[in-house]
Structure formats: C-alpha cells, structure tokens
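**Student:** First, the structure itself, so that you have it in front of you.
The values are calculated or read from the model by the stated rules, or taken from the named source; none is laboratory data. These numbers come from a predicted model, not from an experiment. All Cβ positions, glycine included, derive from the backbone under ideal geometry; neighbour counts span all protein chains shown.
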C-alpha cells in the first residue's frame with residue numbers, strides 16, 4: 001500500500017458529516033442568511049465609507065456605528081460561508097452582539113434623538129432598512145442553533 005500524506009489520511013478517515021468535517025452553515029435556508037448578510041455588509045460598508053469620508057463632522061457617532069455594523073455583518077457572513085463548529089460559535093457570539101447593538105442603538109435613538117443627527121443602520125431598530133436589522137440576528141441565532149443540532 002503506498003504511503004499517503006497525513007492530510008489525505010485524515011480526510012479519508014473522517015466520514016461525511018463527522019465532527020472533523022467542516023460543514024457550511026450557508027446551505028439550505030442558510031443561503032438566505034448568507035445573501036442578506038452579504039447585502040447588508042455591502043450596504044452598511046458603502047454607506048459608512050461615504051459618510052465617514054464626506055460627512056464625518058455632521059454625525060461622527062452615527063457613522064462610526066454604521067461602520068461597526070458593517071464589520072459585524074461581514075464577520076457573520078464570513079463565518080456562515082466558512083462553516084464548521086468554530087465558525088458557528090463565532091457567528092453566534094457576533095449575532096448576539098449584533099442583536100444587542102440593534103436593541104441598544106434602537107432604544108438610544110428613541111430616548112435621545114439629538115444623539116443621532118443622522119441615522120445609523122440600527123437606528124429605530126432598523127426602520128430605515130424595513131426592520132430587517134432587528135430580525136436578522138434573531139433569525140441567524142435560530143439558524144445557528146439548529147445547525148448545532150444537525
């Protein structure tokens with residue numbers, strides 16, 4: 001029997017679906033999450049980039065928070081595409097932080113409207129984005145919980 005590399009042996013030894021194999025979290029209904037996180041990553045990043053470059057003095061906090069949301073969206077997108085248990089756990093943490101961000105910023109914009117002269121992605125619980133920012137992390141957490149059991 002010819003000698004094989006360690007990488008070849010480990011891939012042969014790990015049956016499909018075993019703990020050693022990295023499963024994508026963006027399959028099945030997860031594809032919709034990947035698409036939405038992709039759109040929101042591009043939307044939040046492009047909006048934040050423009051606002052930080054052209055309008056920073058108008059509402060720096062709002063624009064920085066929009067940039068933070070873009071980074072969070074991008075990390076969750078990367079984790080969903082990468083797959084595997086480590087990526088799933090990282091995505092759970094980021095989705096929880098995203099949900100806290102949406103709830104915190106959403107509440108803050110209702111309590112103190114003067115704190116945000118211009119809206120962020122998470123202002124008013126994502127009202128400017130059809131409230132998708134409030135539903136996205138909840139849906140993500142539910143999907144990631146289901147993916148853990150699968």
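**Student:** Give the number of residues within the range 73-106 that are without any contact (Cβ under 8 Å) to a residue 24 or more places away in the chain, farther than 17 Å from residue 32 by Cα and either touching a helix residue (DSSP H, G or I) at 6+ places or on another chain (Cβ under 7 Å) or buried (at least 21 other Cβ atoms within 10 Å of the Cβ) (or both).
**Tutor:** Counting residues in the range 73-106 that are without any contact (Cβ under 8 Å) to a residue 24 or more places away in the chain, farther than 17 Å from residue 32 by Cα and either touching a helix residue (DSSP H, G or I) at 6+ places or on another chain (Cβ under 7 Å) or buried (at least 21 other Cβ atoms within 10 Å of the Cβ) (or both) gives 2.
**Student:** Could I ask something else about it? Among the residues of the range 56-72, write down those that are closer than 13 Å to residue 120 by Cα and surrounded by 14 or more Cβ atoms within 10 Å (Cβ to Cβ).
**Tutor:** 59, 60, 61, 62, 63, 64, 65, 66, 67, 68, 69, 70
**Student:** Would you mention how many residues in the range 127-150 are in a loop (DSSP other than H, G, I, E, B) and surrounded by 14 or more Cβ atoms within 10 Å (Cβ to Cβ)? Steps first, please.
**Tutor:** Let us first name the residues in the range 127-150 that are in a loop (DSSP other than H, G, I, E, B), namely 130-131, 150.
Next cut, surrounded by 14 or more Cβ atoms within 10 Å (Cβ to Cβ) only: 131.
Residues in the range 127-150 being in a loop (DSSP other than H, G, I, E, B) and surrounded by 14 or more Cβ atoms within 10 Å (Cβ to Cβ): 1 in total.
**Student:** Residue 109 versus (1) surrounded by 14 or more Cβ atoms within 10 Å (Cβ to Cβ); (2) farther than 24 Å from residue 26 by Cβ; (3) modelled with pLDDT of 95 or more: which is the lone unmet condition?
**Tutor:** Exception for residue 109: condition (3).
**Student:** I'm checking my understanding of the structure. Among residues of the range 58-69 that are in contact (Cβ under 8 Å) with a residue 40 or more places away in the chain and in a helix (DSSP H, G or I), which one is farthest from the chain's Cα centre (by Cα)? I'd like the intermediate steps shown before the answer.
**Tutor:** Residues of the range 58-69 in contact (Cβ under 8 Å) with a residue 40 or more places away in the chain: 58-59, 61-63, 65-66, 69.
Going one step further and asking which of them are in a helix (DSSP H, G or I), we end up with 61-63, 65-66, 69.
Details: 61: 21, 62: 19, 63: 18, 65: 14, 66: 13, 69: 8 Å.
It comes out as 61.
**Student:** With the checklist (1) free of Cβ contacts under 8 Å to residues at least 60 places away in the same chain; (2) part of a helix (DSSP H, G or I) in hand, flag the one item residue 51 doesn't pass.
**Tutor:** (1)
**Student:** Sticking with this structure for a sec: Looking only at the range 100-126, how many residues end up being part of a helix (DSSP H, G or I) and over 18 Å from the mean Cα position of the chain (by Cα)? Break it down into steps so the answer makes sense when it comes.
**Tutor:** Keep residues of the range 100-126 that are part of a helix (DSSP H, G or I), which gives 100-111, 113-115, 123-126.
If we keep only those that are over 18 Å from the mean Cα position of the chain (by Cα) as well, we get 107-111, 113-115, 124.
Selection size over the range 100-126: 9.
**Student:** Checking residue 94 against (1) farther than 20 Å from residue 131 by Cβ; (2) under 13 Å from the mean Cα position of the chain (by Cα), which single condition isn't satisfied?
**Tutor:** For residue 94, the failing item is (1).
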